[in-house]
Structure formats: C-alpha cells, structure tokens
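Notes follow once the structure below has been shown.
The values are calculated or read from the model by the stated rules, or taken from the named source; none is laboratory data. As the structure is a prediction and not an experimental result, all values here were calculated from the model. With ideal geometry, Cβ positions are generated from the backbone for all residues, glycine too; neighbour counts draw on all protein chains shown. The protein model used for the area step is the full one, side chains on, heavy atoms only, and it has no ligands, DNA or RNA in it. Shrake-Rupley method; radii C 1.70, N 1.55, O 1.52, S 1.80 Å.
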Amino acid sequence: MMKRVILLMSIFLLISSLSQAAIPKPKAYNDRSLIYLTLDDGPNRKTGALLDVLKKHRVKTTFFILGKNIKGNEHLIRRIVAEGHLIALHGMTHVREEFYASPITAVRQMKDVQRLIYEVTGIHTNMARTIYGSDAGMTPAHWQAMDEAGFEIWDWNVGSLDHIYKKDNAPIEQRVFNRLEANYEMNIASIILAHDHSMTPQALDTIIRYAKERDYEFRTLEGVHPAYNFFNPWEPNE
C-alpha cells in the first residue's frame, strides 16, 4: 500500500512539474522580442488604409489622436476602437508655440482631446504623447503640470522618419529595420513612431512582414508600466 502511495505521489509531482514547465514565462514589458507600434496625428483620410493592413496581419497598435482631426472622422475613431487598437492623446493642434506656450496650455490641450475622445467612444484615457516628443519643449514645470493632471507621457525609441521621407518607402523601412536590430542587440523592446499621414500602407505591410518573419510580437501600450519617455527611458531587460 505504501509503495502505491509513493508511486502515485511521484507521478503527481512529475505531472505537476511538467505542467509548470509547459507554461511559458510571461514576457517582461521591455522584452527585446516585443514591438509597440504607435501611429500619431490621426485620424485622417489615410487612416483607413493603414487599419486595413493592421487587420490583415492581426496586429494591434496604439493611436495617439490629434484633437483637431476628430471632427468628421468620428467613424475612424470608432473603427480604431472596434478593431482592438488602443486610443491615446496627442494634444489638439500640432503647433509647437501653442502647445508649449505654458504648462497650462499643454495640459489644457490634453484635457480637450481627452474630452473629445470620451464623447466619441466613451473611453477615458490618460496616456499621452506631446507633439514632437517630450524633449521638444517640456520644461520641469510642464512635467509637473502633466503629472498633477494625471497624464502619462510616452515617447519612442524607433523613429521611422516617415514624415521626412513620406512616399519613399525604402529609407523608411530600412530605418525601422536598423533600429529594431539595434534595440534587439541592446536587449530592449521597441516603440516605433509612425504617422497616419505619412506612413504608407505598403511600407507598413513590409515592416510588419519583416518583424513577424523574425518572431517579433506586436502589442499595444495598454497596461505597460512604467511609461517610456526621453527623460525616463527603459533599462535593458535582464
């Protein structure tokens, strides 16, 4: 009887250990195989074609919405949400002097786009990206005001430069490929900056194919902490 009990216990422990071994360890937020694709400045007439590419590849991304582009494009905002993407804030206008004029103006712009997104989607978000990135005009006073208002500031570590090259896909694609490889070597996740108005569907398709062929995993920024920005970059994953 005792031998039978010992045998059953041994089998149970073996099965338990095998089951635990079969469960993959969750990836850290900054795992080098992760890509957080972000699209700024939308929505606009080009957003739909980009959504088509994302849908084809079953890739979810984070859209940093510009408030002035919401009116007339409410259907695109709703489509972004319906297809499982993440909505975030990018201020009201893309005018540096207006946004950074004072901490009050920066916070007001974020609150205005936050309100508009809520009116269209019922979603309240405090995830934000300042225009031109946080190193373009965020003073200590701006940071304090944003923090007190509850906004979480996000930047990027892969600049596609699509706003410079526009329809010239090759340098955009190569730029992203190079930065992805560099981040992989540094053992850190990649946050890609692209733009609704200048990233072409063809370039986006090529970038996604390249990444998937190399076993990268695309995620949105939902639930990711701490926020990555130029003043508080992520440390390499250990």
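Summary table
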read-out: When residues of the range 127-166 are limited to those that are open to solvent by 60 Å² or more (accessible area, probe 1.4 Å) and touching a Ser or Thr at 6+ places or on another chain (Cβ under 6 Å), the one nearest to P233 (Cα to Cα); value: H163
read-out: Lone unmet requirement of (1) touching a strand residue (DSSP E or B) at 6+ places or on another chain (Cβ under 8 Å); (2) open to solvent by 10 Å² or more (accessible area, probe 1.4 Å); (3) within 22 Å of I80 (Cβ to Cβ) for H124; value: (1)
read-out: From V176, V120, residue being β-branched (V, I, T) and without any contact (Cβ under 8 Å) to a residue 40 or more places away in the chain; value: V176
read-out: Filter pass, L204 being over 19 Å from F64 (Cα atoms), open to solvent by less than 20 Å² (accessible area, probe 1.4 Å) and of a type in the set (A, V, I, L, M); value: no
read-out: Any pair with Cβ under 8 angstrom, 6 or more apart, that starts in the range 19-35 at a residue that is basic (K, R) and ends at one that is at pLDDT 95 or above and assigned to a loop (DSSP other than H, G, I, E, B); value: K27/S33; R32/M186; R32/N187; R32/I188; R32/A189
read-out: Any hit, the range 88-97, residues being over 19 Å from K71 (Cβ atoms) and part of a helix (DSSP H, G or I); value: yes
read-out: Residue list for the range 47-66, restricted to those being crowded, with 21+ Cβ neighbours inside 10 Å and either of a type in the set (F, W, Y) or assigned to a helix (DSSP H, G or I) (or both); value: T47, L50, L51, L54, F63, F64
read-out: Residue in the range 184-194 that is assigned to a loop (DSSP other than H, G, I, E, B), buried (at least 18 other Cβ atoms within 10 Å of the Cβ) and not aliphatic (A, V, I, L, M) present; value: no
read-out: Test: A211 is small (G, A, S), in a loop (DSSP other than H, G, I, E, B) and open to solvent by less than 70 Å² (accessible area, probe 1.4 Å); value: no
read-out: All positions within the range 68-100 that are open to solvent by 10 Å² or more (accessible area, probe 1.4 Å), among the hydrophobic types (A, V, I, L, M, F, W, C) and over 20 Å from the mean Cα position of the chain (by Cα); value: V95
read-out: Single residue of the range 127-169 satisfying the filter (in a helix (DSSP H, G or I), over 18 Å from the mean Cα position of the chain (by Cα) and charged (D, E, K, R)) that is farthest from G42 (Cα to Cα); value: E148
